[in-house]
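Working notes for the structure below.
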């Protein structure tokens, strides 16, 4: 079961089990395409994405932030946000791509990251 780390009336955020910090932002209503969202919700979704990205950059100091929204396997709006590191097991490939090496990444405490993120999202 994937861990929900934030939830409000319109949006929830799940943690993807991974060696890297990886979150997925979902709308509660299962819209199929971004363009199907009411404009206010679409703007809010991107505002939340910006907060998640900024907090990941600030807290984890990754090499790069990856963002994806394929929604082919799970045909509903959701955005993947991943903090990537030069020494993660797949870099520079996407996390869905070929694994290039075994990697051990030392990261700061994720509970503190979740606490900081929740504080920013509730403002």
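Considered as a group, the residues in region 62-86 that are out of contact with any strand residue (DSSP E or B) (no Cβ under 7 Å at 6 or more places or on another chain) and at pLDDT 95 or above include one that is surrounded by the most Cβ atoms within 10 Å (Cβ to Cβ), and that residue is 85.
Considering every residue within region 29-36, establish whether at least one is without any contact (Cβ under 8 Å) to a residue 24 or more places away in the chain and either in contact with a helix residue (DSSP H, G or I) (Cβ under 7 Å, 6 or more places away or on another chain) or within 19 Å of residue 120 (Cα to Cα) (or both).
Looking through region 29-36, none of the residues is without any contact (Cβ under 8 Å) to a residue 24 or more places away in the chain and either in contact with a helix residue (DSSP H, G or I) (Cβ under 7 Å, 6 or more places away or on another chain) or within 19 Å of residue 120 (Cα to Cα) (or both).
Can you find a residue in region 95-118 that is on the phi < 0 side of the Ramachandran plot, free of Cβ contacts under 8 Å to residues at least 12 places away in the same chain, surrounded by 11 or more Cβ atoms within 10 Å (Cβ to Cβ) and touching a helix residue (DSSP H, G or I) at 6+ places or on another chain (Cβ under 8 Å)? No: zero hits.
Condition test on residue 59, is it under 17 Å from residue 77 (Cβ atoms) and in contact with a strand residue (DSSP E or B) (Cβ under 9 Å, 6 or more places away or on another chain)? Answer is no for this residue. Taking first residues from region 43-64 that are on the phi < 0 side of the Ramachandran plot and free of Cβ contacts under 8 Å to residues at least 60 places away in the same chain and partners that are surrounded by fewer than 19 Cβ atoms within 10 Å (Cβ to Cβ) and part of a helix (DSSP H, G or I), the Cβ contacts under 7 Å between residues at least 6 apart in sequence or on separate chains come to 59/116. Condition check for residue 59 on (1) under 21 Å from residue 97 (Cβ atoms); (2) buried (at least 16 other Cβ atoms within 10 Å of the Cβ): one failure, at (1).
Against the conditions (1) crowded, with 16+ Cβ neighbours inside 10 Å; (2) more than 15 Å from residue 114 (Cβ to Cβ), residue 25 satisfies every one except (2).
The values are calculated or read from the model by the stated rules, or taken from the named source; none is laboratory data. Fair warning: this is a prediction, and the values are worked out from it, not measured in the lab. Every residue, glycine among them, receives a Cβ derived from its backbone with ideal geometry; neighbour counts consider all protein chains shown.
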